[in-house]
1. Mind checking which residues of the stretch 173-226 are hydrophobic (A, V, I, L, M, F, W, C) and over 21 Å from L106 (Cα atoms)?
2. Tell me, which residue of the stretch 140-156 that is touching a helix residue (DSSP H, G or I) at 6+ places or on another chain (Cβ under 9 Å) and of a type outside the set (A, V, I, L, M, F, W, C) is most open to solvent (accessible area, probe 1.4 Å)?
3. Let me spell it out: the conditions are (1) in a helix (DSSP H, G or I); (2) in contact (Cβ under 8 Å) with a residue 24 or more places away in the chain; (3) touching a Lys or Arg at 6+ places or on another chain (Cβ under 7 Å), and L37 meets all of them except one. Which number is the exception?
4. Filter the stretch 128-139 down to the residues that are crowded, with 22+ Cβ neighbours inside 10 Å and in contact with a Leu (Cβ under 8 Å, 6 or more places away or on another chain), then identify the one that is farthest from G215 (Cα to Cα).
5. With respect to T145, determine if the residue is free of Cβ contacts under 8 Å to residues at least 24 places away in the same chain, under 21 Å from D112 (Cα atoms) and in contact with a strand residue (DSSP E or B) (Cβ under 6 Å, 6 or more places away or on another chain).
6. Search the stretch 13-34 for residues being in contact (Cβ under 8 Å) with a residue 12 or more places away in the chain and among the aliphatic types (A, V, I, L, M), and hand back the single one that is nearest to G79 (Cα to Cα).
7. L90 fails exactly one of the following numbered conditions: (1) open to solvent by 40 Å² or more (accessible area, probe 1.4 Å); (2) modelled with pLDDT under 90; (3) under 29 Å from D183 (Cβ atoms). What is the number of that condition?
Amino acid sequence: MTHQPMLRDLPEEDRPRERMKHAGAEALSLVELLAILLRTGTKNESALLVAQRILNHTGSLHNLADMTFAELTAIKGIGTAKALELLACLELGRRMAKTRMEEQALIRRPQDAAMLVMESMRYYKREHFVCLFLNIKNKVLAQETISIGTLDASLVHPREVFRAAIRHGCASVICIHNHPSGDPTPSHEDIAITRRLMEAGELVGIEVLDHIVIGDKRYVSLKEQGHM
């Protein structure tokens, strides 16, 4: 069996942590950054090799961000602790990106809402139903994922949407979900869900301003299409 070099076998200046210390995080490859998060490899493999296996398995950083705990621990070299640390780091990154986008985010048109979530939602393998909660001036107060469905459908109950809306103290809500196929054309179910949400919003006094379907670099506004 060929001996695989461990990090300790590398010259100190070639080890990811040392390179990051002297050259900065931006100088490191995805494999090196991932190796730093993993900290250690296995008995016979370095953290760099385990990191490379993860990226080979996922195919991209975006796919890694959508992996579950079970999917991560199925990869050789990833146990419970490493999987949880990776998931925590990915979630911190998502929340930081979301916070930056939400700061001063003002929704004037459907495109504003779509662009706020497009880059993250268009890569999801399952349907995510997300709500933007707005104040009376249409500024985003919060963004929350209400449900995650199967590859083909997302089941949403108005109760969950407006429970969150009331908790955030919003004046209106914009509903958004993705089509993993990449085609944002609304389905009959999408239109039916929208009408149920509008009726529920009228009862509680919180207007549903739009329902946007996200595809791959495309979106469709049900309001612009005349369904609202």
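1. I191, A192, I193, L197, M198, A200, L203, V204
2. Among those that are touching a helix residue (DSSP H, G or I) at 6+ places or on another chain (Cβ under 9 Å) and of a type outside the set (A, V, I, L, M, F, W, C), it is E144.
3. All conditions are met except number (3).
4. It comes out as L134.
5. Answer is yes for this residue.
6. Checking each candidate, the answer is L34.
7. (1)
The values are calculated or read from the model by the stated rules, or taken from the named source; none is laboratory data. The structure displayed is predicted, hence computed values, not measured ones. A quick note on method: Cβ atoms are made from the backbone with ideal geometry, for glycine too, and the neighbour counts reach across all protein chains shown. Protein only, heavy atoms only, side chains kept; ligands, DNA and RNA dropped before computing areas. Shrake-Rupley method; radii C 1.70, N 1.55, O 1.52, S 1.80 Å.
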